[in-house]
Structures are given as structure tokens and as C-alpha cells.
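As C-alpha cells, the structure follows; a few thoughts come after it.
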Amino acid sequence: MIDAKRRVVLKGSLTAGAVGVAISSGILTPQAVLADWPAAAFTAKTVDNGLNDLFGTTKLEASDKIKVKAPEIAENGAVVPVTVEASMDGIQSISIVAAGNPTPLIASFDMGPGAVGFVSTRIKMAKTAKVIAIAKVGDKLYSAAKEVKVTIGGCGG
Amino acid sequence: MANTIRIRARVRDGVTEVKALITHPMDTGLVKDKKTGEVIPAHFIKEVVCKWKDKTVMTAYWSSGVSRNPYIAFKFKGASKGDRIELSWKDNKGESDSTTATIE
């Protein structure tokens with residue numbers, strides 16, 4: 001955790017981007033405690049860094065038990081509906097990554113004891129890229145991906 | 001901040017599906033205000049927690065990559081019709097809201 005924080009502060013000071021600054025200042029200001037928010041993973045600029053910060057590994061095993069539902073073509077990248085269904089038992093978390101985004105890790109859903117492998121949300125996509133869903137079961141990471149064509153990017157700029 | 005959450009929970013065959021819509025700008029901090037040219041600071045929900053009988057059934061950690069006015073749906077086992085659930089969110093500015101719903 002200390003390591004993760006140091007990383008973020010470093011990144012914050014190196015990045016002129018408002019996201020980095022906002023997040024590092026968020027850590028310096030005592031606010032509502034967000035103990036487990038994986039700051040380093042969410043500010044990572046590549047898929048591998050994001051995964052490494054979140055899970056400590058980038059090793060994913062492709063699984064046909066995970067289904068990623070998303071449109072083939074998203075006209076508006078600001079609102080791309082994504083549904084992930086994972087049919088394995090003992091799922092601890094489901095994470096969603098948009099590979100082409102400035103910070104690819106979008107969301108991570110930690111499941112409780114009565115977990116059912118299902119989450120649905122709407123995400124922003126900067127450009128045409130793969131949407132990757134990752135299910136954590138025990139110490140293994142299973143994944144599936146779907147390419148979404150984006151006509152108008154939805155991350156600003 | 002009140003009434004930012006619309007929620008519905010339904011149980012079918014022992015599986016409860018929770019659907020919620022939250023009113024929130026989810027600003028990335030990458031977008032410039034078209035009139036002033038100033039960057040709109042990042043303002044996004046970081047954490048959404050759903051509790052059932054004081055157990056946390058789902059914790060969502062989000063970046064600003066989740067769309068404006070976020071939609072979230074998920075499922076869990078164990079609850080019955082009539083049970084209460086609580087859904088709450090916190091954002092990067094320390095704002096928060098919560099609501100409860102009865103499982104239908």
C-alpha cells in the first residue's frame with residue numbers, strides 16, 4: 001500500500017495532466033477514507049501497468065466462461081454499455097479495461113460471498129479498442145475481450 | 001446531495017439483481033470548458049458499496065472512465081423478497097450519498 005501511494009505521488013508530480021494532480025492532491029487532503037481505491041492502477045497509462053498495479057501480475061488466461069457484451073460499433077464513445085457475465089464459481093472480482101483509453105482501467109467490482117458473475121455498466125471509450133473483462137478466481141485471472149469500434153471518442157480533448 | 005440514486009432490486013430464483021442509476025458528472029479532468037477554455041477538474045465517483053444485512057455484497061471501484069450519470073447492475077445470492085439493501089457512493093471530492101431499497 002505504501003508502495004502504491006508512493007507511485008501515485010510520483011506520477012502526480014510528473015504528470016501535468018489534471019487527473020494525476022487531482023488524485024495526488026486527493027491523497028494529501030484528508031477526505032472520506034477510500035482505503036482500498038487502487039489509485040496506482042487507475043492512473044496507470046497502459047493496460048499492463050494497470051493490471052500489474054491492481055493484481056500484481058499481467059498474466060491473464062483466456063476463458064470462454066466469460067462473456068463480454070458490448071456494441072460492435074459505438075457511435076458515441078462517451079456512453080458504451082458493457083455487460084460482463086462470468087459463469088465460474090468463487091469469483092472475487094470483475095474488472096473492466098478499455099485498452100485504448102488514456103488510463104485503461106475503468107472499473108473493478110469486488111464481489112461478496114454470494115457472488116454471481118454479472119456486472120453491467122456504461123463506460124467511456126477514447127477510440128476503437130478492445131474492452132477486456134477480467135474475472136479473479138482464487139489467485140487466477142481469467143479474461144475475455146471484445147473489440148468495439150468507436151466513431152466519436154468520449155474522453156474529451 | 002440528495003436523491004442522486006435511483007435503485008431497483010428484484011429477486012428471482014434466489015438471485016437478486018440490483019440496478020441503479022446515479023446522477024453524477026463523472027468529469028475526467030481531460031475536458032476543456034468550451035466557453036472559458038479552462039480544464040474542467042476531475043470529479044468522479046470512486047467507490048460504490050452495496051450492503052445487505054450489514055454484509056457488503058458488492059464494492060465497485062471506479063475511475064473517471066465510467067460514463068456520466070453512471071448505470072450499474074449486479075447480482076448476488078442469498079437475499080429474499082422484502083429484505084432491505086443499502087447502496088452508497090463516494091467521489092473524489094469527498095461528496096457522497098446513499099439510499100435504501102426493498103427487494104421486490
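Can you give me the number of residues within the stretch B:27-41 that are under 18 Å from A:ALA41 (Cβ atoms) and more than 7 Å from chain A (Cβ to nearest Cβ)?
Qualifying residue count, the stretch B:27-41: 0.
Considering only residues that are in a loop (DSSP other than H, G, I, E, B) and out of contact with any Lys or Arg (no Cβ under 6 Å at 6 or more places or on another chain), which ones fall in the stretch B:45-74?
Hits for the stretch B:45-74 are B:LYS53, B:ASP54, B:SER63, B:SER64, B:ARG68, B:ASN69, B:PRO70.
Restricting the search to the stretch B:42-57, which residues are in contact with a strand residue (DSSP E or B) (Cβ under 8 Å, 6 or more places away or on another chain) and at the interface with chain A (Cβ under 7 Å from one of its Cβ atoms)?
B:ALA42, B:LYS46, B:GLU47, B:THR56, B:VAL57
Of everything in the stretch A:103-129, what is more than 7 Å from chain B (Cβ to nearest Cβ), crowded, with 20+ Cβ neighbours inside 10 Å and either farther than 30 Å from B:LYS53 by Cβ or acidic (Asp, Glu) (or both)? Give them in sequence order.
Result: A:PRO104, A:MET125, A:ALA126, A:ALA129.
Applying the selection to the stretch B:1-37, what residues are under 19 Å from A:PRO81 (Cβ atoms), without any contact (Cβ under 8 Å) to a residue 40 or more places away in the chain and buried (at least 17 other Cβ atoms within 10 Å of the Cβ)?
The answer is B:THR28, and nothing else.
Please verify whether the stretch B:28-40 includes one or more residues that are more than 18 Å from B:ASN69 (Cβ to Cβ) and at pLDDT 95 or above.
The answer is no; no qualifying residue exists.
Would you point out the residue of the stretch B:58-104, among those that are under 22 Å from A:ALA39 (Cα atoms) and of a type in the set (D, E, K, R), that is farthest from the other protein chains (Cβ to nearest Cβ)?
B:ASP97
Does A:PHE118 fit the bill of being touching a helix residue (DSSP H, G or I) at 6+ places or on another chain (Cβ under 9 Å) and of a type in the set (Phe, Trp, Tyr)?
For A:PHE118, the condition - touching a helix residue (DSSP H, G or I) at 6+ places or on another chain (Cβ under 9 Å) and of a type in the set (Phe, Trp, Tyr) - is not met.
Within the stretch B:60-83, is there a residue that is touching a residue at least 24 places away in the same chain (Cβ under 8 Å), touching a strand residue (DSSP E or B) at 6+ places or on another chain (Cβ under 6 Å), acidic (Asp, Glu) and surrounded by 15 or more Cβ atoms within 10 Å (Cβ to Cβ)?
Scanning the stretch B:60-83, I find no residue that is touching a residue at least 24 places away in the same chain (Cβ under 8 Å), touching a strand residue (DSSP E or B) at 6+ places or on another chain (Cβ under 6 Å), acidic (Asp, Glu) and surrounded by 15 or more Cβ atoms within 10 Å (Cβ to Cβ), so the answer is no.
Looking at the stretch B:1-44, which of its residues are in contact with a Lys or Arg (Cβ under 7 Å, 6 or more places away or on another chain) and of a type in the set (Ser, Thr, Tyr)?
B:THR16
Does A:PRO102 satisfy being out of contact with any strand residue (DSSP E or B) (no Cβ under 9 Å at 6 or more places or on another chain) and not small (Gly, Ala, Ser)?
Here the answer is yes, as A:PRO102 does meet what is asked.
The values are calculated or read from the model by the stated rules, or taken from the named source; none is laboratory data. It should be emphasised that the depicted structure is a prediction, and the values quoted were computed from it without experimental measurement. When we count neighbours, we look across all protein chains shown, and the Cβ atoms used for this are built from the backbone with ideal geometry, even at glycine.
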